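Working notes, structure below.
The values are calculated or read from the model by the stated rules, or taken from the named source; none is laboratory data. Please read all numbers here as calculations on a predicted model, not as lab measurements. Don't worry about glycine lacking a Cβ; one is built from the backbone with ideal geometry, like all the others, and counts go over all protein chains shown. These accessible areas exclude ligands, DNA and RNA; they are computed on the full protein's heavy atoms, side chains included. Shrake-Rupley method; radii C 1.70, N 1.55, O 1.52, S 1.80 Å.
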Amino acid sequence: MALTSRQQEGFTMPELEYLAQCEDVTIVPLYRMERLELMRGTVGPFRPPQKAKVPLWLAVMLKQSNRCRIVAPKWLSFSHLRSLCKEEEQPESMFTKLPPHYLEIAHILLSTAEDDIVESQDIRRLLQDLREVRQSKTREGLRMLNPLQLQMDNLSVAEINEIRPLFAHAFNTLRQIDKLAAVSGGGTQSQLAQQSYTEFDDTLDLI
């Protein structure tokens, strides 16, 4: 089924953050609170200092009203992110596995609960380093694009969203060229393919 023009364009970061707020995070309540009935089910009761899992949107609301502190996920620690950066920088390395909404969750937590995150400034820097390394690997992966498939495992939702417009356009273009080349001579096929990949590389250099 063909993607709509809206799907090909991708989502805005606020839209992705809205979706990410359904993910669970751990909180430590600061006050006793009874059960809360949500559409997805019941959370609580909350009894300090016992930890509890709640949707991110609820954690943010409780944090902003000074009713809890948020426990940073294990992957959002300085030591873990530094290890991931080193692993990503290794030659021929694959994309490391991260939560599908890691960029959105990290941005929300660092914006609303920075005081609950140890070494928050260093974590911001490592997240930026990690994103840049993964973006570079994504560009290299796109250079291997062919009319049949493109496989890059462990990309996050935001990372897929970044390449969606370019990927959709390039993939459709390559398919059209492949169809034209099939009814043309070998020389024409070679010229078309070379022209396509040259233009594609020039486009990648701009992102």
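Just a few scattered comments:
- Residue match in the range 64-82 (condition: free of Cβ contacts under 8 Å to residues at least 12 places away in the same chain, over 24 Å from Arg125 (Cα atoms) and open to solvent by 90 Å² or more (accessible area, probe 1.4 Å)): no
- Any hit, the range 23-38, residues being among the aromatic types (Phe, Trp, Tyr) and under 23 Å from Lys74 (Cβ atoms): no
- Within the range 17-63, tally of residues that are exposed (fewer than 12 other Cβ atoms within 10 Å of the Cβ) and in contact with a helix residue (DSSP H, G or I) (Cβ under 6 Å, 6 or more places away or on another chain): 0
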